[in-house]
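Asker: Provided herewith is a single structure, encoded as structure tokens, for subsequent inquiry.
The values are calculated or read from the model by the stated rules, or taken from the named source; none is laboratory data. Keep in mind it's a predicted model, so treat the numbers as computed, not measured. Cβ placement follows ideal geometry from the backbone for every residue including glycine, while neighbour counts extend to all protein chains displayed.
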Amino acid sequence: MLNKADSAKQKWGGIDTSIDRWLSERKNLIVRYCDLIDTKSFESCEVAVNKYRSFCQVLLDYVSAGHFEIYDRLVEEAESFKDGSEALATELYPKIQLTTEAALDFNDTFDKMPEEMEAIEELKPRLSELGQQLEDRFEMEDLLIEKLHTAHAGQVA
């Protein structure tokens, strides 16, 4: 996942500052995810809670930026060119929305859990499922960037 994030940043970096910032947030999210998923056990419950809390905050920031900043801009840009490229957004947006719901659900589950080590460890399978959904999301987002923004990059002022 991290290699794909670096690849996306190299491929589309410099095209647009908001996309650059968003892709940097993606990398930060992936680093925090890997830190959680690779942890065999935490030194303490407090460390685990803090790591999950930090991950969830970055997760919410990332999905929010996608929905409230990036996607709208990409679709508006595609619609302004009237070349049919906005159809891709119409097709992918509901699928991306499912991954947003999964992220929000994960965050809500974490918020409702008791701060006990056993409860925190029970999140690992959910975190793994979320990781797969995020990977699918990143692929769809990359496709949107490639087809909706990069296609028009030379024409955008």
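Table: residues versus (1) touching a residue at least 60 places away in the same chain (Cβ under 8 Å); (2) more than 25 Å from Tyr93 (Cα to Cα); (3) touching a helix residue (DSSP H, G or I) at 6+ places or on another chain (Cβ under 8 Å).
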position	(1), (2), (3)
Asp35	no, yes, yes
Phe42	yes, yes, yes
Asn50	no, yes, no
Ser54	no, yes, yes
Val63	no, no, yes
Glu69	no, no, yes
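Asker: Filtering the stretch 114-157 down to residues that are at pLDDT 80 or above and outside any helix (DSSP H, G or I), which residue is nearest to the chain's Cα centre (by Cα)?
Answerer: Narrowing the stretch 114-157 to residues at pLDDT 80 or above: 114-147.
Add one more test, that the residue is outside any helix (DSSP H, G or I), and what stays is 114-116, 122.
Details: Pro114: 26, Glu115: 26, Glu116: 27, Glu122: 22 Å.
Within the stretch 114-157, the match that is nearest to the chain's Cα centre (by Cα) is Glu122.
Asker: Another question, if that's okay. Restricted to the stretch 81-96, and to residues that are part of a helix (DSSP H, G or I) and in contact (Cβ under 8 Å) with a residue 12 or more places away in the chain, which residue is nearest to Tyr33 (Cα to Cα)?
Answerer: Of the stretch 81-96, the ones part of a helix (DSSP H, G or I) are 81, 86-96.
Remaining after also requiring in contact (Cβ under 8 Å) with a residue 12 or more places away in the chain: 81, 86, 88-89, 92-93, 95-96.
Details: Phe81: 37, Glu86: 31, Leu88: 28, Ala89: 27, Leu92: 24, Tyr93: 23, Lys95: 21, Ile96: 19 Å.
Here the answer is Ile96.
Asker: Right, next: Scan Asp111, Asp61 and give me the residue that is modelled with pLDDT of 90 or more, assigned to a helix (DSSP H, G or I) and over 18 Å from the mean Cα position of the chain (by Cα). So that I can check it myself, show each step before the final result.
Answerer: Values: Asp61 fails: over 18 Å from the mean Cα position of the chain (by Cα).
After applying the criteria, what remains is Asp111.
Asker: Count, please, the residues in the stretch 37-91 that happen to be touching a Lys or Arg at 6+ places or on another chain (Cβ under 6 Å) and among the charged types (D, E, K, R).
Answerer: 0
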